[in-house]
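Structure first, then comments.
A short reminder: the numbers here are calculations on the coordinates, not readings from a lab. Bear in mind that the values here come from a model prediction, so they are computed numbers and not experimental data. Note that each Cβ is placed from the backbone with ideal geometry, even for glycine, and that neighbours are counted across all protein chains shown.
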Amino acid sequence: MARQTILTTILFLAVLSTHAQSDDDFGLDIAIGCEKKLTKALSMDFEADFRSQDNTSHPERWSIGGGLEYKILSKKKYSIKAAAGWEHIWQYH
């Protein structure tokens, strides 16, 4: 049971999309993230993102980030949480 709850709290997201910027150009946006429940009330997350442009030949932006979330109060109808996070972005112009 504990193994199942740990596995269900891990979130894996990969998004791949193309953006039509003009008739002969497109970009690529790839994002990945995961979340890990540390205790019953505390969880942490991590994410990374990559964006390209000029027919995917030029990186436009990289970013990484992470955060912590603490569930202060949990009721059946609502919960109160406090969270803090950080994200670093590298942009190429």
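Brief remarks follow.
- R0 of 22 Å, Cβ-Cβ distance I64-T39: FRET efficiency to nearest 0.05: 0.35
- Charge context of F46, other residues only, Cβ under 12 angstrom, K/R +1, D/E -1: -4
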